[in-house]
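Read through the structure below, which is laid out as structure tokens, and then see the notes.
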Amino acid sequence: QVHLVESGGGLVQAGGSLRLSCAASGTISSINVMAWYRQVPGKQREFVAINTSGGTTDYGDSVKGRFTISRDNAKSTVYLQMNSLKPEDTAVYYCRVIAGLSDYWGQGTQVTVSS
């Protein structure tokens, strides 16, 4: 059983920064992918950032140059540093971990950016 715990969400003014964390616990085989997605009510879940075991990173177009994904393999934790936040970044942010053939999602953490 794998459990993902996200933290770091909250309310911030436009232009500010937040750092999200997602820690994976439980019996986990080799983690291949750690990623972040976000979702607003009534819309599909949107890809934000990905970090692969090979060190490759990629970002959604709307966050490129502002967000940075990183991971600590020893802690099975992925981070999302979000800078220059905009009101349109407001969403519930979910982490995703792919380990072997298993795909896990966190419960989500709310990020609200006020104008």
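The values are calculated or read from the model by the stated rules, or taken from the named source; none is laboratory data. All values reported here derive from a predicted model rather than from experimental measurement. All Cβ positions, glycine included, derive from the backbone under ideal geometry; neighbour counts span all protein chains shown. The area values use the complete protein model at the heavy-atom level, side chains included, leaving out ligands, DNA and RNA. Shrake-Rupley method; radii C 1.70, N 1.55, O 1.52, S 1.80 Å.
For first residues located in the range 94-109 and open to solvent by less than 40 Å² (accessible area, probe 1.4 Å), partners that are among the acidic types (D, E) and part of a strand (DSSP E or B) and lie 6+ apart or on another chain with Cβ distances below 6 Å form the pairs C95/E6; G106/E6; T109/E6. Restricting attention to the range 14-64, the residues that are basic (K, R), without any contact (Cβ under 8 Å) to a residue 60 or more places away in the chain and buried (at least 17 other Cβ atoms within 10 Å of the Cβ) add up to 0.
Just one of the numbered conditions (1) surrounded by fewer than 12 Cβ atoms within 10 Å (Cβ to Cβ); (2) within 15 Å of the chain's Cα centre (by Cα); (3) touching a residue at least 60 places away in the same chain (Cβ under 8 Å) is not true of V5; which one? If we test V5 against (1) surrounded by fewer than 12 Cβ atoms within 10 Å (Cβ to Cβ); (2) within 15 Å of the chain's Cα centre (by Cα); (3) touching a residue at least 60 places away in the same chain (Cβ under 8 Å), just (1) comes out false. Of the residues contained in the range 65-77, none is found to be touching a Gly at 6+ places or on another chain (Cβ under 8 Å) and open to solvent by less than 60 Å² (accessible area, probe 1.4 Å). Note on the range 67-115: residues that are under 24 Å from N32 (Cα atoms) and touching a strand residue (DSSP E or B) at 6+ places or on another chain (Cβ under 9 Å) total 32. Evaluation of D89 against the conditions (1) touching a Gly at 6+ places or on another chain (Cβ under 7 Å); (2) surrounded by 18 or more Cβ atoms within 10 Å (Cβ to Cβ) shows that the sole unmet condition is (1). For the range 24-31, the criterion of being under 16 Å from the mean Cα position of the chain (by Cα), at pLDDT below 95, over 18 Å from Q107 (Cα atoms) and not aliphatic (A, V, I, L, M) is met by no residue.
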